[in-house]
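Visitor: One structure follows; several queries about it will come next.
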Amino acid sequence: MKETNSQSSVESKDNETTHFGYETVAKEEKVAKVAEVFHSVATKYDVMNDLMSAGVHRLWKRFTIDCSGAKSGQRILDLGGGTGDLTAKFSKIVGENGHVVLADINNSMLNVGRDKLRDKGIVGNVHYVQANAEELPFPDDYFDCITISFCLRNVTDKDKALASMFRVLKPGGRLLILEFSKPVSKSLSKLYDAYSFHILPKMGQMIANDSESYRYLAESIRMHPDQDTLESMMEKVGFEQTKYYNLTGGIVALHRGFKF
């Protein structure tokens, strides 16, 4: 078990409070506050993803698919899947005998994802579920693979969510967490901070008419556990053979763990 970085601890010592970006809020308030953010950005989510990452998010997601080991006939959970980029890929891989669940706590994001995938003709083996990652409404040992992309940092109780994912994953199955993380060099970190706190909110205002939501997104990234801390959290709930891959200099990391 690796040492945790105290700077990356996202839960307050007071069990009744947590972080919403840099703000300390009551735990029961965070879900509603996060919901407001994603209700606001849902319709511009895909456009902003392309602009914010200059399209590189597509490469990060492709790498996630490559690491998933997904096969024909499997059950896949795309948790916090939003507008369905990973679900679309998994739907083709698992085929008509497989099953992909696109789950998100935010109904605005889920609706955008459903409309987008249906417009692409993706039906039949995809189902949509509004669900809280901390209390997944699925049977034990159900999914062959779970992916959660750019979502875990918004979850109030991350340990509880990881335990819930572990429960619904089949023995031999794998969890993949694609999330913004900590740049590996100080120079990149400084550039990334300047971009996140000065340019990103302005882009959010211009494209989505919402600078505050994108300021929250930047803050939430800084409050998320670093690479080693998140790996330790995965191990704590039972995941084995854990590993992470730094992408784009650690701006994003893909964590992988297995259930045995």
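Visitor: Would you work out the charge dipole size for the chain about its Cα centre, treating the Cβ of every Lys and Arg as +1 and the Cβ of every Asp and Glu as -1, and quote it to the nearest 20 debye?
Guide: Numbers: 33 positive and 34 negative charges, 170 e Å.
Roughly 820 debye for the chain.
Visitor: For the chain, what does -39500 (n - 2.57) per DSSP helix run (n ≥ 4), summed and divided by total residues, give at 222 nm, in deg cm²/dmol to the nearest 500?
Guide: -13000 deg cm²/dmol
Visitor: In the range 105-260, with Lys and Arg counted as +1 and Asp and Glu as -1 at Cβ, which of these residues, Phe239, Thr156, Cys145, has the Cα nearest the positive end of the dipole, that is, farthest along it?
Guide: The residue sitting farthest along the positive end of the dipole is Cys145.
Visitor: Counting Lys and Arg as +1 and Asp and Glu as -1, what is the net charge of the other residues whose Cβ lies under 12 Å from the Cβ of Ala131?
Guide: Once all neighbours under 12 Å are counted, the net charge is -4.
Visitor: Kindly write out, for the range 64-71 in residue order, the coupling ³J(HN,Hα) from the Karplus curve 6.51 cos²θ - 1.76 cosθ + 1.60 (θ = phi - 60°), rounded to whole Hz, with x marking Gly and Pro.
Guide: Residue by residue, the range 64-71 yields 4, 4, 4, 8, 6, x, 4, 9 Hz.
Visitor: I'd like the distance separating the alpha-carbon centroids of the range 188-260 and the range 51-68, in whole Å.
Guide: Measuring centre to centre over Cα atoms gives 14 Å.
Visitor: Name the residue from Gln227, Ser196, Ile207 whose Cα lies farthest towards the positive end of the charge dipole of the range 174-260, charges +1 on Cβ of Lys and Arg and -1 on Cβ of Asp and Glu.
Guide: Checked the options; the winner is Gln227.
Visitor: Let me ask something else. Need one number: the % of Cα-Cα pairs in the chain sitting beyond the 23 Å mark.
Guide: Counting pairs separated by more than 23 Å, the tail of P(r) holds 49 percent.
Visitor: Out of all DSSP beta bridges in the chain, what portion is antiparallel? Express it as a percent rounded to 5.
Guide: Percent antiparallel among DSSP bridges in the chain is about 45.
Visitor: Right, here's the next one. Per residue, how big is the convex hull around the C-alpha atoms of the range 28-70? Give it to me in cubic angstrom, could you? Intermediate values should be presented prior to the final figure.
Guide: Working: hull volume 4.5 nm³, N = 43.
Taking only Cα atoms, the range 28-70 has a hull volume of 105 Å³ per residue.
Visitor: Going through the range 155-260, which trypsin sites (Lys or Arg not before Pro) have at most 12 other Cβ atoms within 10 Å and a DSSP loop state?
Guide: Working: sites: Lys158, Lys160, Arg167, Arg174, Lys186, Lys190, Lys202, Arg215, Arg222, Lys236, Lys243, Arg256, Lys259; in loops: Lys259.
Taking the range 155-260 and a limit of 12 other Cβ atoms within 10 Å, no loop trypsin sites (Lys or Arg not before Pro) are found.
Visitor: In the chain, if the dipole is taken from +1 on Lys/Arg beta carbons and -1 on Asp/Glu beta carbons about the Cα centre, which of Ile105, Leu176, His39 is farthest to the positive end?
Guide: Comparing the listed Cα positions along the dipole, Leu176 ranks first.
Visitor: Given a cut-off of 19 Å, name the pairs among Lys89/Lys116; Lys186/Lys236; Lys158/Lys236; Lys61/Lys92 whose C-alpha atoms lie farther apart than that in the structure shown. Walk me through the numbers on the way to the answer.
Guide: On the way: Lys89/Lys116 13 Å; Lys186/Lys236 29 Å; Lys158/Lys236 12 Å; Lys61/Lys92 15 Å.
Over 19 Å Cα-Cα: Lys186/Lys236.
Visitor: Looking at the range 62-109, which trypsin sites (Lys or Arg not before Pro) are in a loop (DSSP not H, G, I, E or B) and have at most 16 other Cβ atoms within 10 Å?
Guide: The qualifying sites are Lys71.
Computed from the coordinates by the stated procedures, all read-outs in this text should not be read as laboratory data. This one's a predicted model, so the numbers in the text were calculated from it and none came from an experiment. Here the Cβ is made from the backbone with ideal geometry for all residues, glycine too, and neighbour counts use every protein chain on show.
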